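**Q** Before anything else, here's the structure in question.
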Amino acid sequence: MLAKNRQVVMRKIPEGFPSANDFEIITVEMPELGIGQMLLKTRWLTLDPYMRSGFMNEPNNRQSPIIGGTVSEVVESRSDRWRVGDLVVGYYGWQEYAVGSESDVQWSNPDMPNEKWDESLGPASTALGILGMTGYTAYQGLLNVAKVKADETVVVSAASGAVGQVVGQLAKIKRAQVIGIAGGPEKCAYCIDELGFDACIDYKGSRFVNELQQAATQGIDIYFENVGGDVLEAVIPLLNPGARVPICGFISHYNLMPTERRPTPLERLKSAGLPVLDKDGSREGFRFFSFSELAAQHPDAENALCEMSGWIKDGRLKYRESITSGIESCIPAFMGMLSGKNFGKTMVRL
Ligand SMILES: NC(=O)c1ccc[n+]([C@@H]2O[C@H](COP(=O)([O-])OP(=O)(O)OC[C@H]3O[C@@H](n4cnc5c(N)ncnc54)[C@H](OP(=O)(O)O)[C@@H]3O)[C@@H](O)[C@H]2O)c1
């Protein structure tokens, strides 16, 4: 007998910053397993900013569980490939159970089949964070898009968050100077004292612009863009000629009403007369990149994960997760992450 399943769906499209009323938890029956299928019990799910800027704005997505990366345990199997007890890294979203098929892929990307999590790399939660989408984004964005070099000055925003904490530490491993930008003294102290950044500036402080200027005495060679808005405005005058700006995201825009729309970082940098990167990344400048684009372009993801797993094991790469428990916690934890209440990668344990 299959279990009942609880899912988080959108009750309506959020207007501006999401509220609890925009979400709903529903209970559905699980279908019987067909041949080649397995029943998956979600063990971990990840909450990420892109869900707000994409999935939640699309009316057709109402009544489907909110999508996102998951680590699930196979609890019943009619598949020769998947055995009971296997941990499946998939894309089953905000729900307690899912029926999986052998052909299922992550990220709706046909080049990314579901994977069995190799626990020798790290704990299962890391499959969705530092050894998953956010860590891989940091790794490829800094090393293959921005192509960081020793002694360059790297500035990263949302610095204590899932992507930012990895970017800053990888830049230190590559012997660059690292300045983080984060919200509040506690997060900034963490970036310096625990993660080894050279400086970290609180963008909520009244002296943010001056402090950033004072920290970046040599100008900025790479700005790893995670937030957009006023933080980008403070960075632009400090960019050195030939600076690279990998545009990873711009979270300060995601909850704006249409009437409040600001130029995206790409639009803003172009209007400031900065150069655009060629499609192959061969010229210096700035560009937007997406995780699934990187995954398709760099099929060496496994090497990246092994390298980062090695750095974690030898203590050069640390990670912090912001964990809540239970499907109900997805809603407050997601809203909290959008407003900076998370401290590290936002994860839900089920
Ligand atoms: N291109 C890709 O494929 C890709 C992949 C992953 C993530 N991303 C992007 O990377 C960025 C970071 O994502 P993440 O998963 O690492 O999230 P995260 O940093 O773990 O969490 C989001 C953080 O954003 C900060 N924030 C929220 N509102 C802000 C505002 N108005 N101004 C400045 N900072 C604000 C908060 O940190 P503070 O407390 O420091 O304010 C919050 O903790 C997002 O823009 C996301 O869309 C892109």
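**Q** For the range 69-117 and the range 156-207, write down the distance between their C-alpha centroids in whole Å.
**A** 34 Å
**Q** For the chain, modelled as a GNM with alpha-carbon contacts under 10 angstrom, which of Gly161, Gly69, Gly36 fluctuates the most?
**A** Among Gly161, Gly69, Gly36, the largest GNM mean-square fluctuation belongs to Gly36.
**Q** Under 10 Å, Cα contacts only: if you run a Gaussian network model on the chain, which one of Val71, Val89, Val99 comes out with the highest mean-square fluctuation?
**A** Looking only at Val71, Val89, Val99, the largest GNM fluctuation is found for Val99.
**Q** If the only charges are +1 at each Lys and Arg Cβ and -1 at each Asp and Glu Cβ, what is the size of the charge dipole of the range 38-91 around the Cα centre, to the nearest 20 debye?
**A** Once rounded to the nearest 20, the dipole reads 60 debye.
**Q** Go ahead and estimate [θ] at 222 nm for the chain from helices alone: -39,500 (n - 2.57) per DSSP H run with n ≥ 4, summed, over the residue count, rounded to 500.
**A** -6500 deg cm²/dmol
**Q** Sorting check: for 336-344, 77-85, 142-150, which peptide has the highest mean count of neighbouring beta carbons within 10 Å, and how do the rest follow?
**A** Highest-to-lowest ranking by the protection proxy: 142-150, 336-344, 77-85.
**Q** What does the convex hull of the Cα atoms come to per residue for the chain, in Å³?
**A** 132 Å³
**Q** Which value, in debye to the nearest 20, describes the size of the charge dipole of the chain about its Cα centre when Lys and Arg Cβ atoms bear +1, Asp and Glu Cβ atoms bear -1, and nothing else is charged?
**A** Charge dipole of the chain: 460 debye, to the nearest 20.
**Q** Right, here's the next one. Hey, which of these cross-link pairs are over 19 Å Cα-Cα: Lys174/Lys318; Lys204/Lys341; Lys172/Lys318; Lys12/Lys341; Lys41/Lys116?
**A** In this structure, Lys12/Lys341 lie more than 19 Å apart at Cα.
**Q** Where does the charge balance sit around Val28 when Lys and Arg score +1, Asp and Glu -1, over other residues with C-beta under 11 Å from its C-beta?
**A** 0
**Q** Which shape class, rounded, prolate or oblate, goes with the range 133-297 when its Cα gyration tensor gives a ≥ b ≥ c as root eigenvalues, a/c under 1.5 marks rounded, and past that a/b bigger than b/c marks prolate?
**A** rounded
**Q** Once both axes come from the Cα atoms, what is the angle between helix 162-173 and the longest principal axis of the chain, in degrees from 0 to 90, rounded to 10?
**A** So the inclination is approximately 50 degrees.
Values quoted throughout were computed directly from the atomic coordinates according to the rules given, and no laboratory measurement underlies them. This one's a predicted model, so the numbers in the text were calculated from it and none came from an experiment. Because the Cβ atoms are built from the backbone with ideal geometry, glycine has one as well, and the counts that use them run over all protein chains shown.
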